[in-house]
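*Asks:* First the structure, then my questions, so here it is.
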Amino acid sequence: MSVHRGLYFSLFEARSMLRIFERHGENLGLLLAYAQVTTFTATCATYPFDTLRRRLAMKSPNTRHLNGAFEGLVWIVEHEGFRSLCRG
């Protein structure tokens with residue numbers, strides 16, 4: 001969750017590097033649209049890691065015990081495919 005918030009705030013604060021806001025000023029509609037884009041980007045970037053965190057915390061007799069985040073990431077991608085990280 002902290003990675004999500006950090007990415008969200010850094011993307012939102014990076015708006016000062018964009019020249020769009022200098023031309024249009026502090027337009028409320030533009031700021032809200034930019035906030036939605038940054039939220040969507042941060043969520044898409046961190047969702048696979050949230051899925052991995054949930055899989056590591058899951059205790060089921062049918063699942064393989066994973067020893068760490070990297071091993072879990074490799075195992076999920078090898079056995080279920082990368083798209084399974086985005087499905088949940």
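*Asks:* Taking 0.36 nm per residue of sequence separation and subtracting the Cα-Cα distance, how much length would be gained by fully extending the chain between residue 7 and residue 56, in nm to one decimal?
*Replies:* On the way: separation 49, 0.36 × 49 = 17.64 nm, distance 2.26 nm.
Full-extension gain reported as 15.4 nm.
*Asks:* Still on this structure: Can you tell me the length gained on complete extension of the stretch residue 65 to residue 83, counting 0.36 nm per residue apart and subtracting the Cα distance?
*Replies:* Values: separation 18, 0.36 × 18 = 6.48 nm, distance 2.09 nm.
Extending this stretch completely gives an extra 4.4 nm.
None of the figures in this text is laboratory data; all of them are computed from the coordinates on show. Small disclaimer: the values here were computed from a predicted structure and weren't measured.
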